[in-house]
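Asker: Please find one structure pasted underneath; my questions will follow.
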Amino acid sequence: MDAGTEAPLVADPSRIQVLEEKLRDLEERLAHVEGQGAEDRVALVVFSGDLDRVLAAFVIATGAAAMGQEVSMFFTFWGLSVLKKETRLSGKTLFQRMMALMSPRSSKNLPVSRMNYFGVGARMLRSMMKQKNVSSLEEMISLARELGVRMIACEMSRDLMGIEEAELVAGLECGGVASFLADSLKSRTSLFI
Amino acid sequence: MDAGTEAPLVADPSRIQVLEEKLRDLEERLAHVEGQGAEDRVALVVFSGDLDRVLAAFVIATGAAAMGQEVSMFFTFWGLSVLKKETRLSGKTLFQRMMALMSPRSSKNLPVSRMNYFGVGARMLRSMMKQKNVSSLEEMISLARELGVRMIACEMSRDLMGIEEAELVAGLECGGVASFLADSLKSRTSLFI
Amino acid sequence: MDAGTEAPLVADPSRIQVLEEKLRDLEERLAHVEGQGAEDRVALVVFSGDLDRVLAAFVIATGAAAMGQEVSMFFTFWGLSVLKKETRLSGKTLFQRMMALMSPRSSKNLPVSRMNYFGVGARMLRSMMKQKNVSSLEEMISLARELGVRMIACEMSRDLMGIEEAELVAGLECGGVASFLADSLKSRTSLFI
């Protein structure tokens with residue numbers, strides 16, 4: 001062996017050791033970043049019970065699901081009306097009964113946020129949607145279910161308004177603000193509607 | 001050469017090979033994380049057609065654009081009124097004509113969400129803004145354009161309400177929920193206003 | 001030394017140099033990604049001054065703070081009413097005085113967004129909350145403070161409506177849209193309520 005020519009080809013193992021350590025460090029940091037990043041997920045709070053806003057929520061929810069996002073819709077307060085199939089008065093306090101009587105009986109009775117005129121506006125909007133072959137709210141709800149959109153009824157609102165499980169459509173989850181936040185904090189997009 | 005002292009300096013090439021492979025792996029994971037991360041981007045849905053809410057939308061949009069964010073505003077439903085320059089009744093169905101007649105003719109006629117009193121509230125707000133040298137809505141719209149804020153008119157709402165391109169101001173894009181979501185899923189902040 | 005068996009164990013130092021360079025490059029990219037990622041942070045715009053919506057905002061804010069997020073609430077427009085402790089008319093213009101007189105005097109006077117009936121709806125909601133042992137709005141505001149939720153009063157709205165610092169509760173920050181955006185752009189979740 002000729003030390004003069006061989007020497008530059010001989011690598012110092014301590015340099016490799018340094019590299020190995022740096023690589024382990026980078027890998028840890030990368031794993032942390034990966035764990036922190038947003039998932040392919042969209043979280044919507046449906047607070048409003050107005051037909052026009054609820055429609056917007058379902059257009060966004062089904063659109064996002066069709067684009068491969070995991071979508072969860074958290075229905076709270078007036079938004080719970082969307083999930084109602086009937087109204088029961090027994091077991092409710094006076095105020096809860098008054099609220100139930102003044103709230104829409106089901107998704108079919110939602111008012112519009114403007115120009116409702118005792119339901120005329122809402123019927124007009126539904127009829128315009130039909131003319132233009134836009135899916136009705138009920139069709140959008142079905143589509144959302146088919147696409148695997150999670151629908152969560154807010155427990156606190158249900159409890160407050162005394163809405164029983166039997167008054168809501170089947171196949172819902174129940175949850176508090178923590179379940180919304182758990183999804184929302186990992187989401188690419190969160191909206192309050 | 002004295003093998004006894006030289007040996008520790010000779011690195012094992014298989015260790016380098018392992019490092020090279022790990023590095024390739026890390027690079028792939030990093031590229032994935034980079035591709036998944038949010039861009040410097042803000043996406044707003046302007047659903048409301050109320051002067052006060054629309055002003056808030058433009059304050060946020062122009063503020064974000066001034067801070068170097070790519071901003072897109074997606075105008076849907078009542079929000080389309082912001083983009084109207086005139087109202088045409090020909091070519092509209094009965095319901096569409098009724099809706100057009102009851103909607104604001106242009107951004108100058110937007111009501112406020114509270115205490116509107118047939119437009120008095122909106123005029124009061126505009127006059128208070130003038131007194132305080134706050135830019136008017138129309139000035140904010142111009143500023144947004146200058147700052148490169150993208151304004152997208154929702155196709156489905158336009159179609160539903162029968163609003164023709166000629167009724168809207170120039171320089172708009174048209175798009176569906178997919179174009180909102182395409183921006184929103186890459187955004188740091190998305191708001192539904 | 002026997003060159004025939006030793007040779008494969010001798011690593012080429014130029015391969016190490018390549019690795020070192022690639023590693024430096026990866027580290028830079030990773031640092032960039034780390035700096036761009038969202039922090040454990042939630043940012044809320046409280047635009048609405050309706051009791052029901054404001055309650056939703058505080059449920060989300062306190063829930064997020066309890067889950068370890070840094071939370072900031074940016075109160076603007078009607079939302080400023082939540083932070084008012086009294087109303088002063090002196091020093092206000094005519095329109096500002098009219099607005100002050102028609103706005104809620106403090107958080108205790110907020111209307112509900114639907115079925116308010118001159119305050120009856122709001123009182124009904126508060127009483128339903130009491131029956132169900134749900135914290136009142138004022139208790140939620142205190143809890144939010146204890147949990148370190150930052151509350152920021154929008155300067156532009158304050159200026160527009162002529163609301164003086166003495167009219168607002170103590171311990172608030174003041175800021176413009178830039179301070180909201182500074183938080184929001186780093187947040188996991190931003191909502192406009």
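The values are calculated or read from the model by the stated rules, or taken from the named source; none is laboratory data. Owing to the predicted nature of the structure, the values given are computational and were not obtained by experimental measurement. Here the Cβ is made from the backbone with ideal geometry for all residues, glycine too, and neighbour counts use every protein chain on show. Calculation scope for accessible area: heavy atoms of the full protein, side chains included, ligands and nucleic acids excluded. Shrake-Rupley method; radii C 1.70, N 1.55, O 1.52, S 1.80 Å.
Asker: For the interface of chains A and B, what total accessible area is buried with a 1.4 Å probe, rounded to the nearest 100 Å²?
Answerer: 4200 Å²
Asker: Could you give P(r) for segment A:116-193, binned at 10 Å from zero, as whole percent values over all Cα-Cα pairs?
Answerer: 14, 32, 37, 17, 0
Asker: Using only alpha-carbon positions, what ratio does the radius of gyration of segment B:65-124 give when scaled by 2.2 N^0.38 Å?
Answerer: So the Cα radius of gyration is 1.40 times the expected 2.2 N^0.38 Å.
Asker: Now, a different point. Tell me, what does the Kirkwood hydrodynamic radius of segment B:90-151 come to in angstroms if you use every pair of distinct C-alpha atoms?
Answerer: 13.8 Å
Asker: Where does the protein assembly as shown land at 222 nm, in deg cm²/dmol rounded to the nearest 500, when only DSSP H runs of n ≥ 4 count, each adding -39500 (n - 2.57), divided by all residues?
Answerer: Counting only the DSSP helices, I get -14000 deg cm²/dmol.
Asker: What number, in percent, do you get for the relative contact order of segment A:51-131 if the mean sequence gap of Cα pairs under 8 Å and at least 6 apart is divided by its residue count?
Answerer: Reported relative contact order: 29 percent.
Asker: Still on this structure: Can you give me the accessible area per residue for segment B:86-126, using a 1.4 Å probe, in Å²?
Answerer: 59 Å²
Asker: At most 15 other Cβ atoms within 10 Å and a DSSP loop assignment: could you name the GluC sites (Glu not before Pro) in segment B:27-130 that fit?
Answerer: B:39, B:86
Asker: Under Stokes-Einstein, with the Kirkwood radius over Cα pairs standing in for Rh, what whole-number D in µm²/s applies to segment B:22-177 at 37 °C and 0.692 mPa s?
Answerer: Diffusion coefficient, whole number: 191 µm²/s.
Asker: Step by step: find N for the protein assembly as shown, compute 2.2 N^0.38 Å, then divide the Cα radius of gyration by it. What's the final number?
Answerer: 1.18
Asker: Name the helices (complete DSSP H segments) of chain C with a Cα length along the long axis of 15 Å or more and a Kyte-Doolittle mean of at least 0.5, or state none.
Answerer: TM-like helix candidates: C:51-66.
Asker: List for segment B:22-58: residues with 30 Å² or greater reduction in accessible area, all protein chains versus chain alone, probe 1.4 Å?
Answerer: With the partner chains in place, segment B:22-58 has these residues losing at least 30 Å²: B:22, B:23, B:26, B:27, B:29, B:30, B:33, B:34, B:36, B:47, B:52, B:53.
Asker: In addition: What does the charge count around residue A:71 come to, taking other residues whose C-beta lies under 14 Å from its C-beta (Lys +1, Arg +1, Asp -1, Glu -1)?
Answerer: -1
Asker: Taking the Cβ of residue A:124 as the center, what net charge do the other residues with Cβ under 12 Å away carry, scoring Lys and Arg +1 and Asp and Glu -1?
Answerer: After counting each charged neighbour, the total is +4.
Asker: Once you sort the root eigenvalues of the Cα gyration tensor of segment C:1-110 as a ≥ b ≥ c, which label holds: rounded (a/c under 1.5), prolate (a/b larger than b/c) or oblate (the other case)?
Answerer: prolate
Asker: GNM, chain C, Cα, under 10 Å: largest mean-square fluctuation among C:64, C:122, C:182?
Answerer: Maximum among the listed residues: C:182.
Asker: List the trypsin sites (Lys or Arg not before Pro) within segment C:1-109 that DSSP assigns to loop and that have no more than 12 neighbouring Cβ atoms inside 10 Å.
Answerer: Passing both the DSSP loop test and the Cβ count: no residue.
Asker: Still on this structure, please answer the following. At a 1.4 Å probe, what is the % contribution of carbon and sulfur to the accessible area of the protein assembly as shown?
Answerer: 53 percent
Asker: Same structure again: Give me the extension gain from residue B:17 to residue B:145: residue separation times 0.36 nm, minus the current Cα-Cα distance, reported in nm with one decimal.
Answerer: 40.7 nm
Asker: Taking a label point 7 Å from the Cα of residue A:132 along the Cα→Cβ vector, which residues of segment B:164-193 have an amide N closer than 13 Å to it?
Answerer: Under cut-off, by backbone N: B:164-165, B:175-177.
Asker: Within chain B, what is the longest stretch that has no chymotrypsin sites (Phe, Trp or Tyr not before Pro) placed in a DSSP loop and near at most 14 other beta-carbon atoms within 10 Å?
Answerer: Counting only loop sites that pass the neighbour cut-off, the longest clear stretch is B:1-116.
Asker: Can I ask one more? If you add up the charges near residue C:88, with Lys and Arg at +1 and Asp and Glu at -1, over every other residue whose beta carbon is less than 12 angstrom from its beta carbon, what do you get?
Answerer: For residues surrounding residue C:88, the net value is +1.
Asker: Ok, one more. Pairs of alpha-carbon atoms within less than 8 angstrom and 6+ residues apart define the contacts here; what relative contact order does chain C have, in percent?
Answerer: 32 percent
Asker: Let me ask something else about it. Calculate the spin-label point distance for residue C:66 paired with residue A:166, positioning each point 7 Å from the Cα along the beta-carbon direction, and give it in nanometres.
Answerer: With each label placed 7 Å out from Cα toward Cβ, I get 3.1 nm.
Asker: Still on this structure, I have one more. Quote the convex hull volume per residue of segment C:150-193, based on C-alpha atoms, as a whole number of Å³.
Answerer: Measuring per residue, one finds 83 Å³ for the Cα hull of segment C:150-193.
Asker: Then there's this: Choose one answer from B:49, B:79, B:37: the residue with the largest mean-square fluctuation in a GNM of chain B with alpha-carbon springs under 10 Å.
Answerer: B:37
Asker: Just how much of residue A:115 is accessible, in Å², when a 1.4 Å probe is used and the result is rounded to the nearest 10?
Answerer: Accessible surface of residue A:115 is approximately 40 Å².
Asker: From largest to smallest, what semi-axes in whole angstrom does segment C:45-90 give when each is the square root of 5 times an eigenvalue of its alpha carbon gyration tensor?
Answerer: Semi-axis lengths for segment C:45-90 are 24, 11, 9 Å.
Asker: Here is a further query. Based on the Cβ-Cβ distance of residue B:174 and residue C:93, what FRET efficiency does E = 1/(1 + (r/R0)^6) give at R0 = 45 Å, to the nearest 0.05?
Answerer: 0.60
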